[in-house]
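Participant: Structure incoming, see below.
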Amino acid sequence: MTNLLTKVRKTIKKHGMLRKGDHVLAGVSGGADSVALLAVLNRLRPLYGLALTAAHFNHRMRGAESDADEAFVRTLCRSLGIDLVCRSLEGGTRPRGMSVEDFLRRHRYSFFERTQRETGANRVALGHHQGDQAETVLMNIIRGAGLSGLSGIPPVRAATFIRPLIDCSRREILDFLASEGLSFAEDSTNADERFLRNRIRIGLIPVLEGRFNPSICETLARLADVIREEDDYISRQAQIHVARWTDKHGPQFPFQLPVSEICGLHPALQRRVILVITRGASAAESSIGFEHVQAVLDLAAVTKSGGSLDLPGGVQVRRKYGLLEFRRAEKPEGRHRSVRVPNDPGKAFNLDVSIPGTVRITSLGIGIRFRELKRVPSSLATDRRAYLDLDRVTFPLVVRSVKPGDRIQPLGMKGTRKLKSVFIDEKIPRELRGTIPVLADALSVLWVPGVRLSERVRIGKATKRVLSAEII
């Protein structure tokens, strides 16, 4: 038995991936990793008494190359005597703000789940390996992820999706294929450095291997294993604490949490408890992250009552005396949902913007984070986030309160309008207008969060530098 097969058996045993008599659906793209996965499972079939079915999803993104991959997989499965289910991406409109990669990934996993049900399989095997794990950890480090991100790709997810090759290196996979006399298809998009993962694999990892640690992929994979266990422990502790304040069904919204309870916890548990509660209240697939959790903790630290937050996914958090109240908003991400502090609505502010940097508006209990992006983002703006053409900004740039006579050139318009008229059109009460921050440069107002973005800084085909502004 080859070294790779021995390593895979250890991984399967360590994570309890397979049991005798399991029916495994193996995802096969035609690449080296998935071909090795299918061949390994085929070799292990007698040992575990497995039923084995292959599944191929044709994304139809590379024209003839995609069809050639499908034909290759069909030929491979016929040669191995393995049943194959093939489907293609047919139509479907990518939602606004969703990247192409995420759109395809969701369709692919939906195909796996549907095929699993149709075939009666109880396991779905995927070909992620040690190199993929290292790339994922590095990607998440670069993005500033927390423990969950640094734990990388889970070897087993939802007791169904398994990754038997997760401890195997790319070199071991290629050596195994050579020893078995198996060929594989090459995906040309793997060389496209527009994608962060490819840039990490092609440009960063070779430097780390050559100048710092020749075993960097193994080291990062081991780090992910350790962090995953610690992350699981913290999550379990957070769930235990949340359970103490709720019934057996978990938080029911609106949900009230005593500030003294959350402030008495270790900071790591504070963050995780808030994350558990806010994600429980938010819409599916919402992007609640570190900045949002920290904003809730900042609200808890404020001594006076009345402050409130609106988070992604339609989550509203309000400070009510000694309580934090979490609510599900009726209309997530609706028209103007800034943070409001009714007890002090009229306090004026004028704060300089640094790029990169975060402007904290203490009177409103919010911050606005500014970053320069190297390319136009695939996601679109929301009420809490705006993208501006940085080269069309006339510095200095400030975040300030509304001033009498303020004007903005709304998107699609040639002329300007008074903000007062815009607020009237949007039916924003007079008493709340003082709580709305505006982003302005030396010439005019550029962005009113949740209300308007200026045509003057609109992203266009000629845009070279993008300024991201996001309420946190």
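The values are calculated or read from the model by the stated rules, or taken from the named source; none is laboratory data. As the structure is a computational prediction, the values presented were derived from the model and not from experiment. When we count neighbours, we look across all protein chains shown, and the Cβ atoms used for this are built from the backbone with ideal geometry, even at glycine. Each accessible area value is taken on the protein alone, full model and side chains, heavy atoms only, with ligands, DNA and RNA left out. Shrake-Rupley method; radii C 1.70, N 1.55, O 1.52, S 1.80 Å.
Participant: What percent of all Cα-Cα pairs in region 352-411 falls in each 10 Å bin, counting up from 0?
Facilitator: Over region 352-411, the share of Cα pairs per 10 Å bin runs 15, 49, 33, 3 percent.
Participant: Along the charge dipole of the chain, Cβ charges K/R +1 and D/E -1, which of Leu150, Leu223, Leu182 sits furthest on the positive end?
Facilitator: My answer, from the dipole projection, is Leu150.
Participant: Further, regarding this structure: Taking the Cα centre of region 1-134 as the origin, how large is its charge dipole in debye, to the nearest 20, when only Lys and Arg (+1) and Asp and Glu (-1) carry charge on their Cβ atoms? Could the numbers behind the result be given before it?
Facilitator: Details: 22 positive and 13 negative charges, 124 e Å.
The dipole of region 1-134 has a size of about 600 debye.
Participant: Please give the contour-minus-distance gain from Lys418 to Arg106: 0.36 nm per residue of separation, less the Cα-Cα distance, rounded to one decimal in nm.
Facilitator: Contour length minus Cα-Cα distance gives 108.0 nm.
Participant: Moving on to the next point. Starting from the Kirkwood radius over alpha-carbon pairs of the chain, derive D by Stokes-Einstein at 20 °C in a medium of 1.002 mPa s and give it in µm² s⁻¹. Show your work: numbers first, answer last.
Facilitator: Numbers: Rh = 25.4 Å.
Value of D from the Cα-based Kirkwood radius: 84 µm²/s.
Participant: Right, here's the next one. Only four residue types carry charge here, +1 at the Cβ of Lys and Arg and -1 at the Cβ of Asp and Glu. Report the dipole size of the chain about the Cα centre in Debye, rounded to the nearest 20.
Facilitator: The dipole of the chain has a size of about 1340 debye.
Participant: Can you work out the FRET efficiency for the pair Lys461 and Val207, with r the C-beta to C-beta distance and R0 = 51 Å, to the nearest 0.05?
Facilitator: Once rounded, the FRET efficiency stands at 0.90.
Participant: Then there's this: Would you be so kind as to identify which of Pro251, His107, Ala68 lies farthest towards the positive end of the dipole of the chain, taking Lys and Arg as +1 and Asp and Glu as -1 on Cβ and the Cα centre as origin?
Facilitator: Pro251
Participant: Quick one: work out the % antiparallel among DSSP beta bridges in the chain, nearest 5. Mind dumping the intermediate values first?
Facilitator: Details: 48 of 64 bridges.
Within the chain, antiparallel bridges account for around 75 percent of the total.
Participant: Report the net charge of residues surrounding Asn198, where surrounding means a beta-carbon distance below 13 angstrom and charges are Lys +1, Arg +1, Asp -1, Glu -1.
Facilitator: Details: positive: Arg194, Arg197, Arg199, Arg201; negative: Glu101, Asp132, Glu135, Asp187, Asp192, Glu193.
Around Asn198, the surrounding residues sum to -2.
Participant: Among Pro404, Ser468, Thr394, pick out the residue whose Cα is farthest towards the positive end of the charge dipole of the chain, where Lys and Arg carry +1 and Asp and Glu carry -1 on C-beta, about the Cα centre.
Facilitator: The listed residue farthest towards the positive side: Pro404.
Participant: Beyond 29 Å, what percent of the Cα pairs of region 56-210 remain?
Facilitator: 22
Participant: Now for a different question. Using Cα-only point scatterers and the Debye equation, what is log10 of I(q)/I(0) for region 141-183 at each q in 0.35 Å⁻¹, rounded to two decimals?
Facilitator: -1.08
Participant: A follow-up question, please. Give me the mean projected area, in nm² to one decimal, of the convex hull enclosing the Cα positions of region 1-86.
Facilitator: Orientation-averaged projected area of the Cα hull: 5.8 nm².
Participant: If you don't mind, there's one more thing I want to ask. Report, to two decimal places, the Cα Rg of region 212-252 normalised by 2.2 N^0.38 Å (N = number of residues).
Facilitator: After normalising by residue count via 2.2 N^0.38 Å, the value is 1.86.
Participant: How much mean residue ellipticity at 222 nm does the chain get from its helices, if each DSSP H run of length 4 or more adds -39500 (n - 2.57) and you divide by all residues, to the nearest 500 deg cm²/dmol?
Facilitator: -11500 deg cm²/dmol
Participant: Could you please state how large a percent of the accessible area of the chain is carbon and sulfur, counting protein chains only and using a 1.4 Å probe?
Facilitator: Roughly 51 percent, rounded to a whole number.
Participant: In cubic angstrom, how much convex hull volume per residue do the alpha carbon atoms of region 413-472 span?
Facilitator: Numbers: hull volume 7.0 nm³, N = 60.
Dividing the Cα hull volume of region 413-472 by its residue count gives 116 Å³.
Participant: Once you wrap a convex hull around the alpha carbon atoms of region 160-215, what is its projected area averaged over all directions, in nm²?
Facilitator: The Cα convex hull of region 160-215, projected and averaged over all directions, gives 5.7 nm².
Participant: Hey, can you rank 19-26, 126-133 by average C-beta count inside 10 Å, highest first?
Facilitator: 126-133, 19-26
Participant: Among the aspartates and glutamates, which have Cα under 13 Å from the Cα of Lys374 when same-chain residues fewer than 8 positions away are ignored?
Facilitator: Within reach: Asp389, Asp391.
Participant: Let me ask something additional. When the Cα atoms of region 167-303 are enclosed in a convex hull and the volume is divided per residue, what value in Å³ results?
Facilitator: 203
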